[in-house]
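Heads up: the structure comes next, in structure tokens.
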Amino acid sequence: MSVSQNKLDKRLRHLVGKAIMDYQMIEAHDKVMVCLSGGKDSYAMLDILLKLQKKAPVSFELVAVNLDQKQPGFPEDILPNYFKERGIDYHILNQDTYSVVKKLVPEGKTTCSLCSRMRRGILYQFAKENGFTKIALGHHRDDIVETLFMNMFFGSTLKAMPPKLLSDTGENMIIRPLAYCAEKDLIKYAEFYEFPIIPCNLCGSQDGLQRQEVKQMLAVWEKQYPGRTENIFRALTQIKPSQLADFQLFDFKNLKLNNAPDQSNIQEIIHTQAEIAPQTNWLN
């Protein structure tokens, strides 16, 4: 392993470990379903989690799961062979969502929204039926920032992808261990380890996608102002509701002079909560 590869390996393990610790993503005896699409991000996520598992302060199970959506030309042997070579417990789910998406989405329209909803439903149901306590998805820091701007520009709402999420039904817990990882580092990581990447022929090559537009915008910003993407992500972790405008989130209507809460009491509550919920160390 080269010096640069070793440094990248350690950095990504540290970032994933920190994200797990900060959000208590993985706990003792968890059965984690690691969703593998065949892309660089999910390969990297599985690889890093396997490495962390060996030194983790708690015992947990990892199982790789891939949804074969029956896209024409999809190489069905690549992922099973990869899992077998590495001795990874895995499941391949077979659901022809490709035909459904192509049938329901008009020619020229983007397929991502319907495809992702169907994929999510199938994976959630499988996790529920097979006793998985966590579902690990390979979204990274850049995905989260892109989603923030997509929701602002096209949905008029201020939200992104949280590192940890309870599903609407309350039956599945979704975690994103790569939440602190930059896409450029994951690209290098995949190159170093030569993962057998499988491209998405259904939606990955479509032109005019909103996410691609936002991605290009952020790339220009990052080139002009290095570190901007990281600053935007950090902003998501330091929200100040009183400095925004959502009157359902902050009680602006009852805001009055000389009605500020006692700051010493607030700090005492914060320290007390921190003592009640100790965290195990995931940083190696």
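So for the chain, averaging the separation of alpha carbon pairs under 8 Å that are six or more residues apart and normalising by length, what relative contact order in percent results?
Computed value for the chain: 25 percent relative contact order.
Mind telling me which of Glu230, Glu85, Glu213 comes out most flexible in a GNM of the chain, alpha-carbon contacts under 10 Å?
Highest fluctuation of the listed residues: Glu85.
Counting only protein heavy atoms and using a 1.4 Å probe, what share of the accessible area of region 55-105 belongs to carbon plus sulfur, as a whole percent?
46 percent
About the Cα centre, and with charges only on the beta carbon of Lys, Arg (+1) and Asp, Glu (-1), how big is the dipole of the chain? Nearest 20 debye, please.
320 debye
Leaving out ligands and nucleic acids, note down the accessible area per residue over the chain with a 1.4 angstrom probe, in whole Å².
About 59 Å² of surface per residue is accessible.
With only alpha-carbon pairs counted, each pair once and no self-pairs, how large is the Kirkwood hydrodynamic radius of region 16-58 in angstroms?
11.1 Å
Once you treat every alpha carbon in the chain as an equal point and sum by Debye, what is log10 I(q)/I(0) at q = 0.07 Å⁻¹?
-0.31
Past the 23 Å Cα-Cα mark, which pairs from Lys164/Lys223; Lys84/Lys128; Lys10/Lys184?
Where the Cα-Cα span goes over 23 Å, the pairs concerned are Lys164/Lys223; Lys84/Lys128.
Decide, for region 1-123, between rounded, prolate and oblate: order the square roots of the alpha carbon gyration tensor eigenvalues as a ≥ b ≥ c, take rounded if a/c falls under 1.5, and otherwise choose prolate if a/b is larger than b/c, else oblate.
Prolate shape, in that a/c is at least 1.5 and a/b is the bigger ratio.
Nearest 5 percent is fine: what portion of the DSSP beta bridges confined to the chain is antiparallel?
If I count the DSSP bridges inside the chain, around 15 percent turn out antiparallel.
Report, in whole Å, the centroid distance computed from the Cα atoms of region 117-144 and region 221-240.
Answer, in whole Å: 27.
Between Val32, Val65, Val101, find the one with the highest GNM mean-square fluctuation for the chain; connect C-alpha pairs within less than 10 Å.
Result for the chain, Cα springs under 10 Å: Val101 fluctuates most.
Would region 130-238 count as rounded, prolate or oblate if I go by the C-alpha gyration tensor, calling it rounded below 1.5 in a/c and otherwise prolate when a/b exceeds b/c, oblate otherwise?
It is rounded, given that a/c, with a ≥ b ≥ c, falls under 1.5.
With the chain treated as a Gaussian network of Cα nodes joined by springs under 10 Å, which of Gly227, Gly155, Gly73 yields the largest mean-square fluctuation?
Gly73
The values are calculated or read from the model by the stated rules, or taken from the named source; none is laboratory data. All figures in this text were calculated on a predicted structure; none of them were measured in a lab. Glycine also receives a Cβ, built like all others from the backbone with ideal geometry; neighbour counts cover every protein chain displayed. These accessible areas exclude ligands, DNA and RNA; they are computed on the full protein's heavy atoms, side chains included. Shrake-Rupley method; radii C 1.70, N 1.55, O 1.52, S 1.80 Å.
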